[in-house]
Amino acid sequence: MAEFTMDLNDDQKQVRDWIHGFAADVIRPAAAEWDEREETPWPVIQEAAKVGIYSLDFYAQQFFDPTGLGIPMAMEELFWGDAGIALSIVGTGLAAIGVVANGTEEQIGTWIPQMYGTPDDVKVAAFCSSEPDAGSDVGAMRTRAVYDQATDEWVLNGTKTWATNGGIANVHIVVAVVDPELGTKGHASFIVPPATRGLSQGQKFKKHGIRASHTAEVVLEDVRIPGSCLLGGKEKLDERLARAHERAKAGGGERVKNAAMATFEASRPAVGAMAVGTARAAYEVALDYAKTRTQFGRPIIDNQGVAFQLADMRTSIDAARLLVWRASWMAVAGKPFTSAEGSMSKLFASETAKKVTAQAVQILGGNGFTREYPVERMHRDSAIYTIFEGTSEIQRLVIARTLSGMPIR
């Protein structure tokens, strides 16, 4: 087990500087254009693939960093560049996490490479959990998966929403209900292979922020997939469902995590790191502006009203990063989140990003309100962090339930 440290080693520093250079030289110059176009930045994704950032090997190396800091470090630097483009680069990772968390070794080896493609022919993947009536309330999920024993196929029907890369993905990971009697314990995850009949893109959303990232509905109409596309396999699923039914008959028992929640828990500190990157970017713009912008014959940073804001911004950013690093280290060290540390990191970092980017706009004044300066875009982008992969309200609920042991509603 690696000891917790706030000092990056030489290898980590080299990787950090490499990613930072890509974010500064490739992502940032393209950010405003793709935000305006509201389209997937395929050329930037391809550049990321060519240098090795958009690849299975890169994410595996960062994921298996023994300190746990590889992924949050990478996320912070990419999202420092631009949140929309960065999400297009890392969005496939959520689907990959879903496979790693729930799949067999064969499924991992077969499908994750197809999620990324090659540098000459890049692909993306989508994780489909939310529905029009089931966002935070995963218990309201309606998408059904029914097993056809005669053909050894699963038949999926339903509509997913808010899916990053939904409809344009080469591989879709879909969470569906297999046993309605068990509520969230009756969910399972499925791989929908490329060009599967019955899967189509529904509405593509025009968003407030992260506009370079494709977000859309995914419609499933009698989608038939091989039995081997059930993540984890049917034997494992049947055993899990049988245990859940036994516990239900006994009137309770240990809590069972469903497939979607297992994926979200694993990714929450990473989302916190994304928020830290956006907040840090806005803070740096505001700091540079405050040191060069003069009013009444002196730089505006000479005024306590501005200087104190910057001091608070930097303090909050550093505190958020430490919470993210702690949760990431705990996860890799196998330490349980006994105080919901993963949710804490996501909650604090996402709220920090919204606050810091708003303060950056305020420090730039009228200039901050225009698209000539990037803080306007950063402020719009930051709004998503308190919403996706569990709203701030849900994070507080998770934390409160964990601390109290009570079924707080």
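Computed values, structure above
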| read-out | value |
| --- | --- |
| Subset of the range 356-384 [touching a residue at least 40 places away in the same chain (Cβ under 8 Å) and open to solvent by 50 Å² or more (accessible area, probe 1.4 Å)] | Q362, N367, R371, Y373, H379 |
| Residue check for A23: surrounded by 19 or more Cβ atoms within 10 Å (Cβ to Cβ) and more than 18 Å from S382 (Cα to Cα) | no |
| Qualifying strands (runs of 3 or more DSSP E) (wholly inside the range 59-173; at least 2 residues being without any contact (Cβ under 8 Å) to a residue 60 or more places away in the chain and either in contact with a strand residue (DSSP E or B) (Cβ under 8 Å, 6 or more places away or on another chain) or open to solvent by 40 Å² or more (accessible area, probe 1.4 Å) (or both)) | 144-148, 153-164 |
| Top-ranked residue in the range 10-53 [being free of Cβ contacts under 8 Å to residues at least 40 places away in the same chain and assigned to a loop (DSSP other than H, G, I, E, B); ranked as farthest from W325 (Cα to Cα)] | G52 |
| Check on D35, of a type in the set (D, E) and either exposed (fewer than 12 other Cβ atoms within 10 Å of the Cβ) or closer than 19 Å to E284 by Cα (or both) | no |
| Complete set of residues in the range 53-70 that are modelled with pLDDT of 95 or more and under 24 Å from G166 (Cα atoms) | I53, Y54 |
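Matching residues to (1) part of a helix (DSSP H, G or I); (2) closer than 22 Å to G209 by Cα; (3) among the hydroxyl-bearing types (S, T, Y); (4) touching a Ser or Thr at 6+ places or on another chain (Cβ under 6 Å):
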site: G305; (1), (2), (3), (4): yes, no, no, no
site: Q309; (1), (2), (3), (4): yes, no, no, no
site: M313; (1), (2), (3), (4): yes, yes, no, no
site: D318; (1), (2), (3), (4): yes, no, no, no
site: F348; (1), (2), (3), (4): yes, yes, no, no
site: A353; (1), (2), (3), (4): yes, yes, no, yes
site: Q362; (1), (2), (3), (4): yes, yes, no, no
site: Y373; (1), (2), (3), (4): no, yes, yes, no
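The rows are residues; the columns are (1) at pLDDT below 85; (2) surrounded by fewer than 21 Cβ atoms within 10 Å (Cβ to Cβ).
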residue	(1), (2)
A242	no, yes
G252	yes, yes
A266	yes, yes
A282	no, no
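The values are calculated or read from the model by the stated rules, or taken from the named source; none is laboratory data. Small disclaimer: the values here were computed from a predicted structure and weren't measured. Methodologically, a virtual Cβ is constructed for each residue, glycine included, from the backbone with ideal geometry; neighbour enumeration extends over all protein chains shown. The accessibility values were calculated without ligands, DNA or RNA, using every heavy atom of the protein model including side chains. Shrake-Rupley method; radii C 1.70, N 1.55, O 1.52, S 1.80 Å.
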